[in-house]
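Notes follow once the structure below has been shown.
No lab work stands behind these numbers, since they all come straight from the coordinates. Because the structure is predicted, anything quoted here is derived from the model rather than measured. Cβ placement follows ideal geometry from the backbone for every residue including glycine, while neighbour counts extend to all protein chains displayed.
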4 protein chains.
Amino acid sequence: MKLSGVMPPITTPFQDGKLASDKLKSNFRKWNKTGLSGYLVLGSNGEAVYLNEKEKIRAVEISRESIPTSKIMLVGTGMESTEETIRFTNQVAKMGADGALVVTPSYFKGSMKPQILSDHFMAVAESSRIGILIYNVPQYTGINLEPEWVAKLSEHPNIIGVKDSSGNIGQLSEVIHLSRKGFAVFVGSAGVFFPALCVGAAGGILAVANLAPQECVRIQRHFNKGEMRSARALQIQLTPLAKAVTATYGIGGLKLAMDLAGYFGGDPRAPLKRPDRKIEEELKKLLLRLKG
Amino acid sequence: MKLSGVMPPITTPFQDGKLASDKLKSNFRKWNKTGLSGYLVLGSNGEAVYLNEKEKIRAVEISRESIPTSKIMLVGTGMESTEETIRFTNQVAKMGADGALVVTPSYFKGSMKPQILSDHFMAVAESSRIGILIYNVPQYTGINLEPEWVAKLSEHPNIIGVKDSSGNIGQLSEVIHLSRKGFAVFVGSAGVFFPALCVGAAGGILAVANLAPQECVRIQRHFNKGEMRSARALQIQLTPLAKAVTATYGIGGLKLAMDLAGYFGGDPRAPLKRPDRKIEEELKKLLLRLKG
Amino acid sequence: MKLSGVMPPITTPFQDGKLASDKLKSNFRKWNKTGLSGYLVLGSNGEAVYLNEKEKIRAVEISRESIPTSKIMLVGTGMESTEETIRFTNQVAKMGADGALVVTPSYFKGSMKPQILSDHFMAVAESSRIGILIYNVPQYTGINLEPEWVAKLSEHPNIIGVKDSSGNIGQLSEVIHLSRKGFAVFVGSAGVFFPALCVGAAGGILAVANLAPQECVRIQRHFNKGEMRSARALQIQLTPLAKAVTATYGIGGLKLAMDLAGYFGGDPRAPLKRPDRKIEEELKKLLLRLKG
Amino acid sequence: MKLSGVMPPITTPFQDGKLASDKLKSNFRKWNKTGLSGYLVLGSNGEAVYLNEKEKIRAVEISRESIPTSKIMLVGTGMESTEETIRFTNQVAKMGADGALVVTPSYFKGSMKPQILSDHFMAVAESSRIGILIYNVPQYTGINLEPEWVAKLSEHPNIIGVKDSSGNIGQLSEVIHLSRKGFAVFVGSAGVFFPALCVGAAGGILAVANLAPQECVRIQRHFNKGEMRSARALQIQLTPLAKAVTATYGIGGLKLAMDLAGYFGGDPRAPLKRPDRKIEEELKKLLLRLKG
């Protein structure tokens, strides 16, 4: 299975505050018909930080049942504690995940020196039954893992890739150049998907792919055929919506936009909120502009 | 019970990677003989982010057994999710906690606008059986709750205080001035304990009080008697050690210094590490200078 | 002459866009009747960055004529270039300045390592005919000079003090404790003037002292007499106005408030602007609340 | 004259601390033989902040004499004051500059709201005899001008372009898309030159082009011919040196590398320093790797 292409960090649907299994399944039925190469379950956009252990397990079960073996199934398993991360990673491995996305632990920011982070990833990689991908997301963690450190970690055979959501294309470019051949570098910001491909990214794990999967997939297809103009033009069309459902309106905005686009979004968990009517109108316009 | 004085955010002792109940009890026996006014269980320095639910419950049980009713027992109960925070707060309330410290949720930093945070605290306050204190710790969360917002929240009868670990005395001063009478403002940075008292803080929740409780207590006693010079002189003596066991060497340094001072510190959980021999020597010197 | 007390970083008055000598003189006549210990000419609030060399010289001349020898006259002389800083410092020395305030050079932030900054201050101190004070103002320069470095610099006999505008009382406290006896540490943020005095500051160089000199002076007088409650109460009254004329509305707000308080403020230079009517009303209220 | 291609922000050579006219001329003789489209005089890398007015004028004179009319001559003219910026812009216009690069004023960071910055640029554009380019360089100024504001400013016929040195390709992409057709968007970070071209940049104003002009020019030529692989391969080769002569070793490193590459670099002005021998060896290796 080649680690590449477009994957959505899938949202976790709730109804009456509970995990809505049926809604998740129906989303998968729609996503599975698209050109998405796979899925990330329990990522940031999956509100993993708001789920308890049981809910996490359930979300993984449903996903495993719903995702065909032809598509990649990644699961977010990073915790603050190294041991807990290992435990949960092996649990989802047993449940059939193809790979685990491990976020940089970050609560004790001042103590999370590069060597500490490196030791954490090495320990997880050593003990994990499945390959792991590093998840670098400074806007959430307040920590950035420098390209030199990612490159060193890429030497470990069980560290198979990285999702970099810094939005920093210079950094992404260095990661790609410095890390071992075959190391899968995914960009995590849809607004720079096209330039990320230009500098050699394997693909994108993109929030907006939850509701506009084909638009994202098409950018990469055009790029692969050398159709740079078309790829760039699509990127320009995608960017406003991509920003709205992440930086500007967060997961509440993402879920609302999913509802507008024919998927089930629903409400995020508190303290997050569903955006108000005015924002709904704005999201509608952005969707119309993209989908015509 | 008056919310004031010096409280340590107690560390959680581990042996062979497991919660060491006996060690925690023996620490309490020593602390209970000092002038500490109370304790914070499951705070940041308690490595709450590295404990599973069972371990948290066990730490609270042991603490409840060990803390005399004459001293305050606060428990850190803040989670990312509002609902989980309420659930756990009421669980520790049933177990006998006097109050709950609720950290600002912070993973989705961009979405944690003041109103969202305010709604979170209000919801927890409404549903909690015990009083709650707001925990503002920007160096861990990347989020600062402005004085105006803390002041508004202080109007709720069940929001009884705040622990501000920003180290910002101007902010602390405004919080104290703007919030309702009787609202308990604790400083969370030992390096500014004396100036915090000068601007009206009720007390301090101070990591270094884990190993130097009397030194902290004496600063406040001198201050209360109007002995400003003595208070300031003690502060100057305390500051280097206080910085070493927090900002500089983190929880690993704090636990090591506890071992050196006759308490049980032990190792922190990975990815945190016990500092090396060189740092141990430095901590010894700092302790000698203070306790010498 | 003892370096202590309250000094305003005086504003530079303009009329029809030109330096208004008469207005500056009349401001001095009023200030001289107060308990201010001295003045800082060509500080940040003097819009030094908007003045050409001629205007700077003229402002120094007028100030020298207007300031009695019983009061301290400091002049801001820091430039990006070491050589230019030395040249201008000696020029104002010849014109009768008592001391020079030298800001950390900051344009090339990434290159301004502590050793580079230290060499800069040492070079200026070596060549200057008058004593120099270090000016640490991270909110303008993006650079903070750590207490250890200030302390080292304090060993030079011609580096006689520091103005720290970081607002960080812990840092101020360390600077005071670590630097040589007699080194004059001024706080540059009126909102923390009282706690700064508590930790041992020699005085304050405070923007709000341009329009409320006596209120600032009284805080220090109460403090000196051990009247902590009165000092703190005055501080609480001063803080809202102090914040408004610096952080919130900048120099435009400061000058407008001076006009309202009976001094000549006038307009700042573009791109700065005089605040609008609504802000004027707010400033009026803050003044009324302070001055009764 | 088309605003595009590669331009170095030329360094200002000093000998015995004085502006070295001959050295500047000899540098130009070498640069003029390359494919550079033009030059930026008195940019950040020209140490403009360390030059007095006379030296600035002299640097512009020499440049005007040395630059053929077939190449673009831009001059950095931004000052903190709007009026001074206008004055100096028109002075260099009279001296024959083709355009002026105007940096965001930044000393009073808190007051430099987007509207204030916008008014500044509009005022300069209105009064300038030559076209102006906005210079956005957050790493020096601490201020970032958002794409929406740059786009609005691009509507003014005399605001002809922007140099964005944020290194943020997503931002660059939005600026390009949102601003009016024909608005010249230059990237200011050599490490992302290739991806900048991918998203539509007109060219680059690149420090490393002072010593490796042809390598930079070739990246754009390959790109223009659709030879993406070659362009990307050259970018990868260029990046390490590009980082070394900017972020890592600053202008001291840039000038030293120029000396090593056959140009005159010389020493920067204090407080900047020439790097030591060890760094010289590192720069030699980086040069060898690039130039073979």
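Okay, helix-only estimate at 222 nm for chain D: each DSSP H run of n ≥ 4 adds -39500 (n - 2.57), divide by all residues, round to 500 deg cm²/dmol; what do you get? Don't skip to the end; give the middle numbers.
Details: 12 runs with 134 residues, N = 292.
Value at 222 nm, helices only: -14000 deg cm²/dmol.
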Could you let me know the centre-to-centre spacing of the range C:102-139 and the range D:252-266, using Cα atoms, in angstrom? 26
Mean Cβ-within-10 Å packing, highest first, puts peptides D:152-163, A:62-73 in the order D:152-163, A:62-73
If you take the beta carbon distance between D:R129 and D:K109 as r and set R0 to 25 Å, what does 1/(1 + (r/R0)^6) give as a FRET efficiency, to the nearest 0.05? 0.25
Can you give the relative contact order of the range B:134-292 as a percent, counting alpha carbon pairs under 8 Å and 6+ residues apart? 15
For peptide B:194-200, the mean count of other chain Cβ atoms within 10 Å per residue Cβ is 6
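Considering every residue in C:226-232, what mean count of other chain Cβ atoms within 10 Å of its Cβ is obtained?
Numbers: counts 2, 0, 4, 0, 0, 1, 6.
What the average comes to for C:226-232 is 2.
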Give me, ordered by chain and number, the residues 5 or more places off A:L206 or on other chains with an amide H under 5 Å from its own placed amide H. A:M7
Over chain B, what is the relative contact order in whole percent, taking alpha-carbon pairs under 8 Å and six or more residues apart? 17
Plugging the Cβ-Cβ distance of B:K225 and B:K30 into 1/(1 + (r/R0)^6) at R0 = 30 Å yields, to the nearest 0.05, a FRET efficiency of 0.70
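With an 8 Å cut-off on Cα pairs and a minimum separation of 6 or more residues, tell me the relative contact order of the range D:32-174 in percent. Please report the intermediate quantities before stating the final value.
Values: 209 pairs, mean separation 27.2, N = 143.
It comes to 19 percent, rounded to a whole number.
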Under a straight-distance cross-link criterion of Cα-Cα below 16 Å, which lysines are reachable from D:K278, leaving out those fewer than 8 residues away in the same chain? D:K255
Cross-link partners among aspartates and glutamates for A:K23, C-alpha distance below 18 Å, same-chain residues fewer than 8 apart left out? A:E47, A:E55, A:E61, A:E65, A:D259, A:D267
Under the convention of a label 7 Å out along Cα→Cβ, give the distances in nm from B:K291 to the same position in every other copy, shortest first. 5.7, 6.2, 6.7
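Per residue of D:46-56, what is the mean number of Cβ atoms on other protein chains within 10 angstrom of that residue's Cβ?
Numbers: counts 0, 4, 2, 8, 9, 3, 6, 2, 0, 0, 0.
Per-residue shielding by partner chains comes out at 3.
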Among the lysines, select those whose C-alpha is under 18 Å from the C-alpha of B:K181, and discard any that sit fewer than 8 residues away in the same chain. B:K2, B:K152, B:K163
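What is the range D:1-97 by shape, rounded, prolate or oblate, if you read a ≥ b ≥ c off the alpha carbon gyration tensor as root eigenvalues and call it rounded for a/c under 1.5, prolate for a/b larger than b/c, and oblate otherwise? Intermediate results must be reported in sequence, preceding the final value.
Values: a/c = 1.82, a/b = 1.16, b/c = 1.57.
Oblate shape, in that a/c is at least 1.5 and b/c is the bigger or equal ratio.
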Per the protein assembly as shown, cysteines lacking a partner by the 4.7 Å Cβ criterion: A:C216, B:C216, C:C216, D:C216
When chain B is treated as a GNM, springs tying every alpha-carbon pair under 10 Å, which of B:P213, B:P268, B:P114 comes out with the largest mean-square fluctuation? B:P114
